[in-house]
Amino acid sequence: GWWQGPAELALPWSDPRWGKKVTNETCAFFGRYPMLSRHMQRLGRDCIAHWNGSQMVILNSPVSSCMRWAGHYPWASFPLPVPVDFSSNWRLPPFFGPWKQFQNSNRQLDNLMQSSCFHLPNPIMKSEGEEPLMKKRRFSGQCDTLTPEEERSFSDQKEASCLSLAQDEEKHNSKKDRTVRRRWEYFCQHSKTMKILENKQPEQSNINSEAKFDFTVMSYNILSQNLLEDNSHLYKHCRQRLLMWTYRFPNILQEIKQLDFCCLQEVQEDHYRTEIKSSLELLGYHCVYKMRTGRKPDGCAICFKTSKFNLISSNPVEFFRHDIPLLDRDNVGLVLLLQPKFHCQTNAAICIANTHLLYNPRRGDIKLTQLAMLLAEIASVAPQKDGTFCPIIICGDFNSVPGSPLYRFIKEGKLNYEGLAIGKVSGQEQFPRGQRILSIPIWPKTLGISQNCVYEIKQQQKQEGAGEKFEAAEQDNNQEIIVAPDKLPSKLQHHFKLSSVYSHYFPETGIPEVTTCHSRSAVTVDYIFYSAANDDTAAQPGAEDSFHGGLKLLGRLALLTEKDLWTVNGLPNENNSSDHLPLLAEFRLIER
């Protein structure tokens, strides 16, 4: 066995010829380096190995630019460090082990090693499942202070590391200097069929400029820094400095400003409080934020230009319900009712919603329930006095791919989920594990939301008149009526006929558009849905039936293919500082 007692380890070099066994204290350095085996990683941080009785080699600091890995040896579970300038026929000195092939070294390390160190690499994010060092210390309560000698040593090592980093980055210049430009696509406003133009058309002279209200909308998952560090294995392809928040935030801010309003996901609470909100307020935005209800400190935000909109109401939606076991996740949504600042005959309003649904591909039941809760809140906010809905825009990261049952439910307004496997709801997995079927109904009655995705209290109020007439007719009928119990409905519905800003495939080639790209996948999961006006040629057929007036899609910022993104080393990269692309559209509000 490995353990010889509470304080000693029987490691491969625990040999009498070494003089003494290696203890827990002296082997603690191995837990620090992700390239070592799992057994070694758990042993600790600092190791001091005696050499020739009096000389010592200390291994406790980041990699030096003068070191490289020589490869693996059968007795070692980690690579051995070798100076770059050593000759190819150099052999390890005796202190590395009692083997004969190491005894006849043609190089003496005495001058090199008496007061120097071997440096092992310590990247913040290097391997899957490995937490960043500073994060480990934060949770474990360890002190990060260094002695003056250690600080001077670390400073020298840092300079050498920077030189090595600069040399490495030169190798990536070909990718770093490349850029992929996203072009604006404009829709022909004078045609009965959808035509995409590269340049915006001049306006017709008969359009009343006072009644025209154009505005831009963005949906953007900006990648929480905490989530980035917790899932570092997804960003192995990225250079370290591009993943730092101090580098990412200016890029994100540059993409947001100049827009009329934006819906942001994965907004980290401390960054929102200290940087994001104040920066956007200086640019003329009003910000509304809803943090997730669990332990992960990020959430959704909607920011709009106060020069173009007034806030009528703000309605946060929490998807966690302590009394419903199904709803045990901490995702949230946000629904705002805004009034445009322009001269018009009626009091126009726009309902804007933002959400980030659960990621888990195998919990389609939770995803559909969260979506139903968001739609119920929109249905309670968007109605107007004449019974119609005001124009609606729904943005977010839905963690569902185009064509999936959840996506079709949003666009078509109905879904028969009888016999539907939970793992197939979002379409994230081509071959979902497990074939558990959605229950009927999906959520319990105690949630208070009907299968039509409205709050049941309001639905009951609408049905009161019809119920009273039915009771009066029943009293007039003396015959006994036996009603057979109906089969539980397995159909979901909602009252909004929505269109998607993006078509999800490039019409010339049929290649899929991509909104997120990292080392594990490149797919579309982000959307902007909207209620289309009668004359919107970009809308899906029938999308305008429930609305008088509505929104006309004027243009959109084109998405990219997976191949396009990997020409600039995927996401995040030099210019795009999230693992998602921002979705951007321009609308015109059409009065009824």
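The values are calculated or read from the model by the stated rules, or taken from the named source; none is laboratory data. From a predicted model like this one, the values you see are computed outputs, not experimental measurements. As a convention, Cβ positions derive from the backbone with ideal geometry for all residues, glycine included, and neighbour counts pool all protein chains shown. We work out accessible area using only protein heavy atoms, side chains counted, and drop any ligands, DNA or RNA first. Shrake-Rupley method; radii C 1.70, N 1.55, O 1.52, S 1.80 Å.
Looking only at region 257-312, filter to residues that are among the basic types (Lys, Arg) and assigned to a loop (DSSP other than H, G, I, E, B); which one of those is surrounded by the fewest Cβ atoms within 10 Å (Cβ to Cβ)?
If we filter region 257-312 for residues that are among the basic types (Lys, Arg), which is where we start, we get 257, 273, 277, 290, 292, 295-296, 305, 308.
Okay, now just the ones that are also assigned to a loop (DSSP other than H, G, I, E, B), so 257, 292, 295-296, 308.
Details: Lys257: 14, Arg292: 22, Arg295: 6, Lys296: 17, Lys308: 17.
Step by step, filter region 257-312, then rank; the result is Arg295.
Just checking, does region 296-319 include any residue being touching a Cys at 6+ places or on another chain (Cβ under 6 Å), of a type in the set (Lys, Arg) and in contact (Cβ under 8 Å) with a residue 24 or more places away in the chain? No - not one qualifying residue is present in region 296-319. Of the residues in region 429-437, at least one is at pLDDT below 95, surrounded by 15 or more Cβ atoms within 10 Å (Cβ to Cβ) and within 30 Å of the chain's Cα centre (by Cα).
When residues in region 257-313 are screened for being under 17 Å from the mean Cα position of the chain (by Cα) and of a type in the set (A, V, I, L, M, F, W, C), 8 of them pass.
Mind listing just one residue for me: the one in region 210-242 that is part of a loop (DSSP other than H, G, I, E, B) and under 29 Å from Val501 (Cα atoms) and, of those, modelled with the lowest pLDDT?
Of all residues in region 210-242, those part of a loop (DSSP other than H, G, I, E, B) come to 210-212, 222-224, 231, 236-239.
From what's left, under 29 Å from Val501 (Cα atoms): 210-212, 222-224.
Details: Glu210: 51, Ala211: 64, Lys212: 81, Ile222: 98, Leu223: 98, Ser224: 98.
My answer is Glu210.
Among all residues of region 384-401, there is none that is surrounded by fewer than 19 Cβ atoms within 10 Å (Cβ to Cβ), charged (D, E, K, R) and touching a Ser or Thr at 6+ places or on another chain (Cβ under 9 Å). In region 313-360, the qualifying residues are those that are of a type in the set (A, V, I, L, M, F, W, C), farther than 24 Å from Lys385 by Cβ and not in a strand (DSSP E or B), and the one that is most open to solvent (accessible area, probe 1.4 Å) is Phe320.
In region 363-409, what count of residues is obtained for those that are polar (S, T, N, Q) and in a helix (DSSP H, G or I)?
Just the residues of region 363-409 that are polar (S, T, N, Q), to begin with: 369-370, 380, 384, 388, 399-400, 404.
Now restrict to residues that are in a helix (DSSP H, G or I): 369-370, 380.
Of the residues in region 363-409, 3 are polar (S, T, N, Q) and in a helix (DSSP H, G or I).
Of the residues that make up region 409-418, is at least one β-branched (Val, Ile, Thr), closer than 25 Å to Thr515 by Cα and touching an Asp or Glu at 6+ places or on another chain (Cβ under 9 Å)? For region 409-418, residues β-branched (Val, Ile, Thr), closer than 25 Å to Thr515 by Cα and touching an Asp or Glu at 6+ places or on another chain (Cβ under 9 Å): absent.
Only one of these is open to solvent by 80 Å² or more (accessible area, probe 1.4 Å) and at pLDDT 95 or above: Glu464, Glu418, Glu480. Name it.
Working: Glu464 fails: at pLDDT 95 or above; Glu480 fails: at pLDDT 95 or above.
The match here is Glu418.
Within region 521-535, the only residue that satisfies the criterion of being among the acidic types (Asp, Glu) and within 12 Å of the chain's Cα centre (by Cα) is Asp526. All of (1) assigned to a helix (DSSP H, G or I); (2) touching a residue at least 24 places away in the same chain (Cβ under 8 Å) hold for Gln254 with one exception: (2).
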